[in-house]
Every structure is written in C-alpha cells, then in structure tokens.
Amino acid sequence: MPNNWQTVLDEIQSSVSDMAFKTYFTNIKYISDENGVVTFSVPNSFVKSSIEKKYHDKVISALQAAGFNCTDFEIIIDDSGKKTVIRRPVEIIPGAKPSERSTTQSISSIGSALKGSSISLSTKSGLSPKYHLDNYVVGSNNDVAVGAAHAIVENPGSSYNPLFLYGGSGYGKTHLIQAIGNEIHDRYPDMNVLYVTIEQFYGEFVASIRNKKLEEFKKKYRDLDVLIVDDFQFIQGKTESQNEFFHTFNELYSKNKQVIIAADRLPSQIATVDPRLASRLTQGISIDIQLPDFETRCAIIKAKAELIGQEIDNTTVEYLAENFNTNIRDLEGGLNHVLLLADLRGVATSEVIGEIAPTNQITQHRISPKQLIERVAKYYNLSSKDLYGTSRVKDIKDARQVAMYLLNEELGLSYKKIGDDIFHKDHTTIMHGAKKVKASIKTDFNLREQVTELRSKIYEN
C-alpha cells in the first residue's frame, strides 16, 4: 500500500459524514494504480454501487489531492473475509410458474414449497423467509439504514451495536430488520437469531413468571447471538418488562451480541421509558427511516409486482406512486387492488386505476396556498396574519416554518414562489425554514405527529 493511501482516506473522511465514512469507506483496500486508474476493493456490491453513484467526485478529488495522477478509479468486490453463505433450499412446486419458484415468491408459496427444509430454522427464530436485503428497495429515505444493515451482516455484534431504527408505521422497518436477521442466519447458520415484537417479549415474560419458568425465559433471551425487537414503542407503561429487557440487553451487549430494535420513535420519546434504558439503546447508532420519495415509490411498486410475477405498465406505476404516498403498506394495498381488478376483468392495469380510491388527498380535493395557510394557522390557534407577518415569537415562527414546509412538500411550490408570492421573503429564508422542519421531523416525534395530523386536516372540506 502506498504511503499516501492514508491521505486519501483522511481526505474522504473530512468531506463526508462520520456515518457515511464508517459505512462505505472503513473497509476499502488499495490494490493498484495503473494507467491513470486507481483500483481498490470493497466488501460487497452495495458499498461498491453506493461509492460509484454518490461519492465518485469526492473519491477522485481525494485521490488527486493525495498525489495520485488519476482520472478515474475501479472498484472490485473482495468478499474473501466472509463466511460461506448457505442459502435455503427451495423445492420446485410442480406446475408452478417461474416467478413462483423464486426464493422471493409470496410467503404462502414458500410455506408450501419448503416443508421439511432448513427454512424451519428461520421460522423458529420468528423470521419470515420473504424478507431479504436483495428484495428491499433502497432510496434516499433509507440508504443510511441499509448501509448499516450490510455492515452488521458482515460483522454481527461489532458494527453499529445496538442498531435502533425509527420511523412512521409502514415505512419498511420490519422488512429491513427481518432481512438483517435472515442474512445473518444464512451466512452464519450456527448463530442463534431471534426476532420478536415487544408484545411477544412481554407476553413470554409474564407467562414465565406465572408458570415459574423465569430462569428458562432469561436463558432463552440471554443466550442469543442476535436479538431483533420490533414495535418497541409498545413497551410504554410496562415497568417490569422494561427492567427485564434492560438486564437482557446489558447481558447481550457485554458479550458483543448484536441487538437490533425498531420503533416509531426514539426511546427518549416513548412515555414512561426508563432514561437508563433509553440511553443504552441509543449508544450504538439511531437511524431514522423516512417516507420514500416518488422515485423510490415507483421502484417499490415495480419490485412488488416483479416479486409476484406480474407485469405492470408505467402509467399504473406512476399513478400509484403519486396517489398512495402515506406509507408502503397503503402503496402495496393500492397495487394489490389494481392487480385484482385488472385480473377479474381481463384488462390492463391502466384501465382500472381510476377506480382505485387514493390515499393522497391532493387528488381528491386540491386546495390553494391561502387555504393551506389558514388551516395551519387554525391548527396552531393563530391567525393567518400571524403567519404572513414577521413576528419572531417562537410559536409563531415555528408554525410559519411548518407552513413553508407543507407548501413545498404538499403543493409542490418552489421556494422562490413561496417567498415571492406568499410570504414576500427571500427564497433562502423559505428554504431554511422548510429544511429545518424536514430535518427536525427526524428527531422530534411531537413535530412529526403535528405534521402528520396537518397533512390530513389541510385537505378537509
């Protein structure tokens, strides 16, 4: 390795976030520098594609700043450090369509096809076989979380431990955390992996006390290599379960066992959660999963359709992505409804999309910027004049910035138009206000609830 390779890494580290550097650049290795092309290796295809798409210019700049006379770079995948991946065997269903023979077929087909196979190991661990990283659509709303997922799969217990994912219902958290569990189970079949909801944990804990089997309960959970817990927000009010979970977590963490948790908010924002537990659960890394944008929703629809062997035209894809933008569950529900109607009538999906009731209220009741301002003001017990004004009182300023955010996000107005035509302010002020709200939503659960409620209220007749 040349002496200036560390300089390259230092340059990259100074130009990207700590999270991005840890996810994408800590495991790259120099290979060669020939004919103006620097070659280095990364551990997997996800890291390779991410560097090529998102960090190409930064890497070139860092290489040149470190003295490499290069105009491009090449990345190869070196997975020699991985353990052998053991894929679950799939029995072919007689007469099944090719799409039904895929390991990414529907869960009902998989359940029938894999009786007696090693899939039962995953079933016993609470994991659904339909969730894998290779069928999880990556977008700007979740790419950091996916990067962390890949790092965990490479080194369970040492990278991002604990991992705490939070975000709205139906944003894809369950798919991702179960995918991590399935990938770890595939790579390291000797590892003891368990996925549970916090309600299941609570139910087992109560039953163990009632049946005088508390020691068995403790042994089950504290002998795990990977513990994955979903819907953690429902631990609210369960004091004894919190205490038991706290000790379980400490036991696993002290042994470098991987803990992955998902919830709709941060632990500190869950009422009655012990501050000690909240602190422990976020000492690794906490990542917010956002609602997917339009392009990502299109990709999700195409992936879901492909998963079940269905063809779907672009008109239908774009209609669904535009009109079912509340969460991924609603998006999938819209797709299933379209496919059902089209199949029953023997027509193309584009011929029935107009009959599907959208969850996006904009298509049902378009409102004006003035109406949006009025309804935001009413929600915060203010007047429209307050929002149009220049008051720096915090409550008024915060409400005004929420209005800026919704005008941009919901009505699609540009920052310049919002500034020139509505608030008579410079577009940079509008941009600052809207982006502040967008960033705050990631960590401020109360604000997120307000914005979610406002999204529906502003379209009320």
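Couple of notes before you dig in:
- Residue ID - farthest from the chain's Cα centre (by Cα), chosen from residues in the range 23-36 that are loosely packed, with under 14 Cβ neighbours inside 10 Å and touching a residue at least 12 places away in the same chain (Cβ under 8 Å): GLY36
- Top-ranked residue of the range 156-185 - restricted to ones that are at pLDDT 90 or above and part of a loop (DSSP other than H, G, I, E, B), ranked as farthest from ASN256 (Cα to Cα): GLY172
- Scanning the range 331-365 for residues that are modelled with pLDDT under 85 and either under 27 Å from VAL451 (Cα atoms) or in contact with a Cys (Cβ under 7 Å, 6 or more places away or on another chain) (or both) turns up ILE356, ALA357, PRO358, THR359, ASN360, GLN361, ILE362, THR363, GLN364, HIS365.
- Applying the set (1) in a helix (DSSP H, G or I); (2) of a type outside the set (Ser, Thr, Tyr); (3) under 27 Å from the mean Cα position of the chain (by Cα) to VAL229 leaves exactly one unmet item: (1).
- Pairs are defined by a Cβ separation below 9 Å, a sequence spacing of at least 6 or placement on different chains, a first member in the range 293-320 that is over 17 Å from VAL347 (Cβ atoms), and a second member that is of a type in the set (Lys, Arg) and open to solvent by 20 Å² or more (accessible area, probe 1.4 Å); the pairs so defined are LEU307/LYS130; GLY309/LYS97.
- Condition broken by LEU194, with the remaining ones in (1) in a helix (DSSP H, G or I); (2) open to solvent by 10 Å² or more (accessible area, probe 1.4 Å); (3) modelled with pLDDT of 95 or more satisfied: (1)
- Of all the criteria given as (1) within 16 Å of ILE458 (Cβ to Cβ); (2) in a helix (DSSP H, G or I); (3) open to solvent by less than 60 Å² (accessible area, probe 1.4 Å), the one not satisfied by LEU413 is (2).
- Residue within the range 147-158 that is of a type outside the set (A, V, I, L, M), on the phi < 0 side of the Ramachandran plot and more than 21 Å from the chain's Cα centre (by Cα) present: no
The values are calculated or read from the model by the stated rules, or taken from the named source; none is laboratory data. Keep in mind the model is a prediction, meaning the values are calculated, not measured. Note that we place each Cβ from the backbone using ideal geometry, even for glycine, and neighbour counts take in every protein chain shown. In case anyone asks, the SASA skips ligands and DNA or RNA and just uses the protein heavy atoms, side chains included. Shrake-Rupley method; radii C 1.70, N 1.55, O 1.52, S 1.80 Å.
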